[in-house]
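Chemist: So that we are looking at the same thing, I have put the structure below in structure tokens.
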Amino acid sequence: MKSLKELFRIGIGPSSSHTMGPQRAAKMFLQRNPNASSFEVTLYGSLAATGKGHQTDVAIVGVLSVAAPTELVWQPSVFLPYHPNGMRFVAKDPEGNVADDWTVYSVGGGALSEGPDDTSIDTPDVYSMNTMTEIMNWCYANGRSYWEYVDLTEGPDIWDYLMEVWKTMQAAVERGINTEGRLPGPLNLSRKASVYYVKASGYQRNLQTRGLVYSYSLAVSEENASGGVIVTAPTCGSCGVLPAVLYHLSRGHGFSDERILHAIATAGIVGNVAKQNASISGADVGCQGEVGVACAMASAAACQLFGGSPSQIEYAAEMGLEHHLGMTCDPVCGLVQIPCIERNAFAAARALDSNIYASFSDGIHRVSYDKVVKVMKKTGHDLPSLYKETSEGGLATTLDL
């Protein structure tokens, strides 16, 4: 598995696979061809179907057009064999001849790949173990926690990085709950985080908890939808779940930053296992790979904070993902707004429930997290493409705009 630095990416929304990934690819291609006379970029599949809503065109043209005229070609009905988020970059000389031709895929969470045999942009693995079962057994055999496995594998510098992640998450929550107004795009949605935050303060403790978690998740998701700075956890579209849970528990229970960082590391292991063995791309496996994995990560983080055993933490993660199986990715107008923002809020609340449920148990259960990850991958690949970030099915077809 890769470093947690590649799972938790600090960047600008609204989409890690449709905005951050393509922008990164454009920068890499420009570095390869700084003297090109013109560029042509073809977007395939999901990138073409929802790219304008996710500002894919803005991300790419904003990079390349500084150097040379750039033409975009949209091919929403053409799916390249490796991944639905395919891109072809072409650089041309003054006579219009092709000087460079590069096909690359935005595979989720801002990561790029050239395909199954990628060797040029693929980074080396950091973790020797790739499943929760392996890592959990290691924890029991060595008397360690998940975060200690991260520490021993990545080294002490990972904590400085995760502190930046935590600071960015907190800042996104705080900006979001203090900002009002309309979200960008044709849906004309109003921000809700500040209203939920104010209303939550008027309820008694049991309802206040839910209201605050909702408001924190809405805050980050609305920041993402507005192009604000967020952390992929594991993606932009699901970036509100983990920060909401961590922010709420840090404020409500007085957990130190050090313990929060341990929880983030544990969440990172959970997200990394899903990314390694299945996918965190909505275009590949549907929203179960984004919000479902985010819920699993937040469930594990909460259980870590409350002293859960390795098996209880794994159980919490399993429930967080299992009960999102089959969730489609069907954004209205290709925007990360409906149903994405509300899904983040509900997943954050479900993560707290998963922690409580797992904490009442002894951690023994029949279906492992690893098995659910395998089921998620198969389920996602069985879904028709119109339910995987193309805006051609499901909720995306319910509004007449």
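The values are calculated or read from the model by the stated rules, or taken from the named source; none is laboratory data. Remember, predicted model here, so these are calculated numbers, not experimental data. Because the Cβ atoms are built from the backbone with ideal geometry, glycine has one as well, and the counts that use them run over all protein chains shown. Protein only, heavy atoms only, side chains kept; ligands, DNA and RNA dropped before computing areas. Shrake-Rupley method; radii C 1.70, N 1.55, O 1.52, S 1.80 Å.
Chemist: Can I get the semi-axes of the stretch 70-114's equivalent ellipsoid? Compute them from the C-alpha gyration tensor as square roots of 5 times the eigenvalues, in angstrom, largest first. Each step should come with its number before you reach the end.
Modeler: Details: eigenvalues 104, 31, 16 Å².
Computed over the stretch 70-114, the values are 23, 12, 9 Å.
Chemist: Whenever you get a sec, compute what percent of the accessible area on the stretch 153-277 sits on carbon and sulfur atoms (1.4 Å probe). Please report the intermediate quantities before stating the final value.
Modeler: Working: 2330 of 4740 Å².
Here it works out to 49 percent.
Chemist: In addition: Quick one: among T235, T42, T50, which has the greatest mean-square fluctuation in a GNM of the chain with alpha-carbon springs under 10 angstrom?
Modeler: Comparing T235, T42, T50 in the GNM, the peak value goes to T42.
Chemist: Which value, in Å² and to the nearest 10, is the accessible area of D157 when all protein chains are kept and the probe is 1.4 Å?
Modeler: Counting only protein heavy atoms, D157 exposes about 80 Å² to solvent.
Chemist: While we're looking at this one, here's another question. How large is the dipole of the stretch 76-228 about the Cα centre if only Lys and Arg carry +1 and Asp and Glu carry -1, each at its Cβ, rounded to the nearest 20 debye?
Modeler: That gives a dipole near 1420 debye.
Chemist: With a 1.4 Å probe and every protein chain kept in, tell me what percent of the accessible surface of the stretch 300-383 is carbon plus sulfur.
Modeler: Carbon and sulfur atoms account for 59 percent of the accessible area of the stretch 300-383.
Chemist: Hey, what's the Cα Rg ratio for the stretch 4-141 versus the globular rule of thumb, 2.2 N^0.38 Å?
Modeler: Working: Rg = 17.1 Å, N = 138, 2.2 N^0.38 = 14.3 Å.
Rg over 2.2 N^0.38 Å, computed on Cα atoms: 1.19.
Chemist: Using the Karplus curve 6.51 cos²θ - 1.76 cosθ + 1.60 with θ = phi - 60°, work out ³J(HN,Hα) for each residue of the stretch 253-258 in order, rounded to whole Hz, and write x for Gly and Pro.
Modeler: 3J(HN,Hα) across the stretch 253-258, in whole Hz: 10, x, 5, 6, 4, 4.
Chemist: Could you state the orientation-averaged shadow area of the convex hull built on the Cα atoms of the chain, in nm² to one decimal?
Modeler: Its Cα hull, projected and averaged over all orientations, spans 19.2 nm².
Chemist: Select from the stretch 94-140 those GluC sites (Glu not before Pro) which occupy a DSSP coil region and have at most 14 other Cβ atoms within 10 Å, ordered by residue number. Present the calculation step by step, with values, prior to reporting the outcome.
Modeler: Details: sites: E95, E114, E134; in loops: E95, E114.
For GluC sites (Glu not before Pro) across the stretch 94-140 that sit outside H, G, I, E and B with at most 14 neighbouring Cβ atoms in 10 Å, the list reads E95.
Chemist: Counting Lys and Arg as +1 and Asp and Glu as -1, each charge on the Cβ, what is the dipole of the stretch 153-214 about the Cα centre in debye, to the nearest 20?
Modeler: The dipole magnitude comes to about 620 debye.
Chemist: How big is the stretch 244-401 along each principal axis, measuring the range of its Cα positions in Å and listing the largest first?
Modeler: Between the extreme Cα coordinates on each principal axis of the stretch 244-401 lie 47, 33, 24 Å.
Chemist: Roughly how big is the stretch 268-343's charge dipole about its Cα centre, with Cβ charges of +1 (Lys, Arg) and -1 (Asp, Glu), in debye to the nearest 20?
Modeler: That gives a dipole near 140 debye.
Chemist: Please report how far the C-alpha centroid of the stretch 338-399 lies from that of the stretch 96-167, rounded to the nearest whole angstrom.
Modeler: Taking the Cα centre of the stretch 96-167 as reference, the centre of the stretch 338-399 is 22 Å away.
Chemist: Same structure, new question: With springs connecting C-alpha atoms under 10 Å apart, model the chain as a Gaussian network and identify which of V213, V245, V375 has the largest mean-square fluctuation.
Modeler: So, out of V213, V245, V375, the one fluctuating most is V375.
Chemist: For a distance above 15 Å, tell me the whole-number percent of Cα pairs in the stretch 1-73 that qualify.
Modeler: 55 percent
Chemist: Please give the calculated 222 nm ellipticity per residue for the chain, where each DSSP H segment of at least 4 residues contributes -39500 (n - 2.57) and the sum is spread over every residue; nearest 500 deg cm²/dmol? Intermediate results must be reported in sequence, preceding the final value.
Modeler: Values: 15 runs with 198 residues, N = 401.
Value at 222 nm, helices only: -15500 deg cm²/dmol.
Chemist: Follow-up. Please flag any cysteine in the chain that has no other cysteine's Cβ under 4.7 angstrom from its own Cβ.
Modeler: C139, C236, C239, C295, C303, C333, C340
Chemist: To continue, here is another question. Per residue, what accessible area does the chain have, given a 1.4 Å probe and all protein chains present, in Å²?
Modeler: 39 Å²
Chemist: Still on this model: For the stretch 350-401, what percent of Cα pairs sit more than 15 Å apart?
Modeler: Beyond 15 Å sits 67 percent of the P(r) for the stretch 350-401.
Chemist: What's the long-distance tail for the stretch 8-49, i.e. % of Cα pairs beyond 17 Å?
Modeler: Beyond 17 Å sits 41 percent of the P(r) for the stretch 8-49.
Chemist: Ok, one more. Are there any trypsin sites (Lys or Arg not before Pro) in the stretch 287-380 that are in a DSSP loop and have at most 15 other Cβ atoms within 10 Å? List them by number. Write down the numbers at each step before the final one.
Modeler: Values: sites: R343, R350, R366, K371, K374, K377, K378; in loops: R366.
Passing both the DSSP loop test and the Cβ count: R366.
Chemist: Given springs between every Cα pair under 10 Å in a Gaussian network model of the chain, which of V270, V66, V241 has the largest fluctuation?
Modeler: V66
Chemist: Take the solvent-accessible surface of the protein heavy atoms, probe 1.4 Å, and return the percent of it on the stretch 87-126 that carbon and sulfur atoms account for. Display every interim value, and only then the final one.
Modeler: Working: 850 of 1920 Å².
Answer for the stretch 87-126 is 44 percent, counting heavy atoms of protein chains only.
Chemist: If you fit an axis through the alpha-carbon atoms of helix 291-305 and take the longest principal axis of the Cα set of the chain, what angle between them do you get, 0 to 90°, nearest 10?
Modeler: Relative to the chain, helix 291-305 is tipped by roughly 30 degrees.
Chemist: How large is the convex hull of the Cα atoms of the stretch 253-314 per residue, expressed in Å³ as a whole number?
Modeler: 76 Å³
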